[in-house]
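Presented below is the structure to which this report refers.
The values are calculated or read from the model by the stated rules, or taken from the named source; none is laboratory data. Bear in mind that the values here come from a model prediction, so they are computed numbers and not experimental data. Note that each Cβ is placed from the backbone with ideal geometry, even for glycine, and that neighbours are counted across all protein chains shown.
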Amino acid sequence: MKSQRTYRALRLKVIQALGGKCSKCGFPDHRTFQIDHIHGGGSRETRTGRDRLQWPEFYRRVLEKLETEYQLLCANCNAIKKYEQRENPPGRPKGIPLRAKYKAA
């Protein structure tokens, strides 16, 4: 499967270019990495009209704008950032958690 090899090779290149560890906590496990838009707007960038941006094209964009637009975060740090900055999916009112019934103690 050439496309899967291409995807993995491009993802690894992006991970290495972004430092190879979570930029917030330093966690080094590549299985947890998510490419974060530093200033938000990831949903807008990955959608072009009704079509989704394909991964190889997205990774190429990341490599072009590494230092100003993107950072590497582990899944936990990215979830915390989204919560703290109130980055919600489109259509969800700001400040309302995804599951309001689960409140922190």
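Annotations for the structure displayed:
- Selection over segment 7-20 of residues that are out of contact with any strand residue (DSSP E or B) (no Cβ under 7 Å at 6 or more places or on another chain) and either in a loop (DSSP other than H, G, I, E, B) or touching a residue at least 12 places away in the same chain (Cβ under 8 Å) (or both) gives a count of 7.
- From Glu84, Glu69, residue being touching a His at 6+ places or on another chain (Cβ under 9 Å), at pLDDT 80 or above and among the acidic types (Asp, Glu): Glu69
- Subset of segment 30-45 [modelled with pLDDT of 90 or more and not in a strand (DSSP E or B)]: His30, Arg31, Thr32
- Qualifying residues in segment 46-66 (those that are closer than 21 Å to Glu87 by Cβ and either hydrophobic (A, V, I, L, M, F, W, C) or assigned to a loop (DSSP other than H, G, I, E, B) (or both)) - the one modelled with the highest pLDDT: Val62
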